[in-house]
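Student: Have a look at this one before I ask anything.
The values are calculated or read from the model by the stated rules, or taken from the named source; none is laboratory data. Bear in mind the structure is a predicted one, so any value in this text is a computation, not a measurement. Neighbour counts are summed over all protein chains in view; Cβ atoms, including those assigned to glycine, are modelled from backbone coordinates with ideal geometry.
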Amino acid sequence: MSYEVLARKWRPKSFETLVGQDNTVQALSNALDNDRLHHAYLFTGTRGVGKTSLARILAKSLNCEQSISSKPCQKCSTCNDIDKGRFIDLIEVDAASNTQVDNMRDLLENSQYAPTSGRFKVYIIDEVHMLSKSAFNAMLKTLEEPPSHVKFILATTAPKNVPVTVISRCLQFNLKQMTAENISIHLKKILKEEEINAEDESLDLIAKAAHGSMRDALSILDQAIAYSGAEISTKNIISMLGTIDDIFLVSILNALVENNGKKVMGLAKEMNEKSVSFDLALEELARLIHKISTHQIIPDILNASSLNEEINKLSTIFTAESLQLAYQIAINGRRDLHLAPDPLTGFSMTLLRMLAFYPSTQPTNEFNSKKKIQSEVDIIKKKTNLKNEQSSVGNKEDNIFDGDWVKLVDGLKIGLAKSLAQECSLVSYEDYVFNLTLNKKFKHLTQNGYIEKLEEALINYFNRKIKLNISLGSDPKTPSMQKKLESAELKKTTESAIMEDNFIKELIDDFDAEVITSSIEPAKKKEN
Ligand SMILES: [Zn+2]
């Protein structure tokens with residue numbers, strides 16, 4: 001028996017089996033079941049999301065011999081013929097190859113005659129935006145006064161190129177791009193039926209490579225089966241797709257944190273030897289940075305993945321700002337990759353740029369102003385806040401609380417739980433019992449173990465037992481409010497420092513960079 005490609009074999013034949021388009025399916029099912037039929041539908045969405053599959057299911061629902069319903073029987077000869085693509089009253093036209101007005105006129109003239117065997121004559125016009133202007137005009141006349149036995153189902157990847165006069169006569173549904181997660185789940189289901197084993201991670205890679213198109217995902221899966229046989233492994237898919245082993249990306253970010261330029265360059269070279277696509281590498285790096293950023297905000301968002309531990313770790317080391325910067329550099333590096341002398345150079349320079357901008361407390365070079373400002377602030381901080389620094393290097397000399405909560409919070413090293421501390425104000429304090437009020441707006445910060453982390457940080461700081469009571473309220477004297485006030489003052493100074501910096505000027509001249517002044521934030525709170 002010849003091999004049937006998966007995309008055809010698994011083409012959804014009912015609304016229930018159509019993946020990822022719940023809203024559209026729901027709306028169409030309601031319309032069908034309540035007999036609220038429209039004469040023209042327009043399905044929009046990127047390629048491979050299921051527009052024509054949906055159109056055929058709708059055609060079946062309209063013509064099933066049992067009744068008009070969202071659940072066509074799938075048994076009658078009409079349902080069968082539609083599935084096999086040989087139902088006489090279903091006319092499918094690919095507008096990309098039938099742009100001429102004459103073809104359209106013939107088609108529309110035919111629509112005047114009653115259907116041969118079905119309830120309705122259904123016209124599916126795919127890529128409808130490709131029709132010529134006169135062809136659209138010819139169609140418009142029929143759309144304005146359609147015979148009651150005619151249904152139009154138009155599909156397009158480019159709704160902007162469809163005349164408004166046409167769009168306004170259609171009931172429009174925008175089909176969503178499928179998420180990689182949805183695709184991955186669907187692939188798993190198919191492989192189970194096909195009795196082919198696959199590592200979960202290999203399916204995730206295929207789903208990602210499909211960029212929201214189920215059809216593409218299935219044809220990659222076809223290739224994967226041809227390539228691997230009955231056992232699809234992550235390793236095979238990586239080499240088949242030229243995908244990047246995540247270990248490389250994680251190692252790059254770790255090397256950034258360590259400020260280890262040599263290691264960064266070594267990794268780039270190693271990737272080059274494995275002939276990975278650097279375009280894909282930067283895309284994946286941006287994706288990983290996005291994951292880490294998201295994890296900082298919503299800690300429980302991670303899907304099952306072997307990278308979770310690394311993502312978790314990196315999310316506590318990187319600041320939100322440095323992740324933003326690294327992301328931007330990755331995106332720009334990818335955009336400019338084709339301008340580089342060669343891909344390896346383009347890729348390495350992008351990594352070096354990340355390194356140059358990665359805020360380090362050690363002023364290893366005077367390369368950029370952000371670092372300079374940061375290191376100056378650190379020096380002031382060291383002078384004025386020696387005690388805090390001592391505790392952070394492990395000198396367990398007991399600290400004494402002087403009643404200044406804002407200053408105390410600033411000296412605590414508590415990662416993400418800092419946001420909790422910053423939205424709290426001190427109501428009263430006595431003998432290492434802290435009574436705090438948390439601004440009601442930030443109630444969510446009491447989750448994720450932040451309270452425990454804050455408590456632990458205070459215990460470490462004072463090197464003794466403490467008690468922490470947090471109630472909800474609305475006292476504005478929180479460190480974060482204090483910071484906002486002070487940073488408004490600092491902002492002006494920082495803004496001019498940045499605008500006068502030679503490196504920034506170079507970026508503006510050479511890279512068309514734009515300084516968004518509203519986004520400038522002073523590196524650290526000014527001390528005293
Ligand atoms: Zn039927």
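Student: Looking at segment 127-150 only, could you name the residues that are touching a helix residue (DSSP H, G or I) at 6+ places or on another chain (Cβ under 6 Å) and in contact (Cβ under 8 Å) with a residue 60 or more places away in the chain?
Tutor: Val128, Val150
Student: Within segment 412-429, identify whether any single residue is touching a strand residue (DSSP E or B) at 6+ places or on another chain (Cβ under 9 Å) and among the polar types (S, T, N, Q), and answer yes or no.
Tutor: Taking every residue of segment 412-429 in turn, at least one turns out to be touching a strand residue (DSSP E or B) at 6+ places or on another chain (Cβ under 9 Å) and among the polar types (S, T, N, Q).
Student: Related question: For segment 1-52, which positions are of a type in the set (Ser, Thr, Tyr), assigned to a loop (DSSP other than H, G, I, E, B) and surrounded by 14 or more Cβ atoms within 10 Å (Cβ to Cβ)?
Tutor: Within segment 1-52, Ser14, Thr46 meet the criteria.
Student: Further, regarding this structure: Taking segment 55-106 as the search range and keeping residues that are of a type in the set (D, E, K, R) and in a helix (DSSP H, G or I), which one is farthest from the ligand (Cβ to nearest atom)?
Tutor: Top of the filtered list is Asp102.
Student: Give Thr46, Thr116, Thr52 a once-over and let me know the one that is more than 30 Å from His211 (Cα to Cα), more than 16 Å from the ligand (Cβ to nearest atom), outside the structural domain of His211 (by TED's automatic domain parsing) and among the β-branched types (Val, Ile, Thr).
Tutor: After ruling out the rest, the residue left standing is Thr116.
Student: Now for a different question. Within segment 170-182, take every residue that is touching a residue at least 60 places away in the same chain (Cβ under 8 Å) and hydrophobic (A, V, I, L, M, F, W, C) and give me the one that is surrounded by the fewest Cβ atoms within 10 Å (Cβ to Cβ).
Tutor: Result: Leu171.
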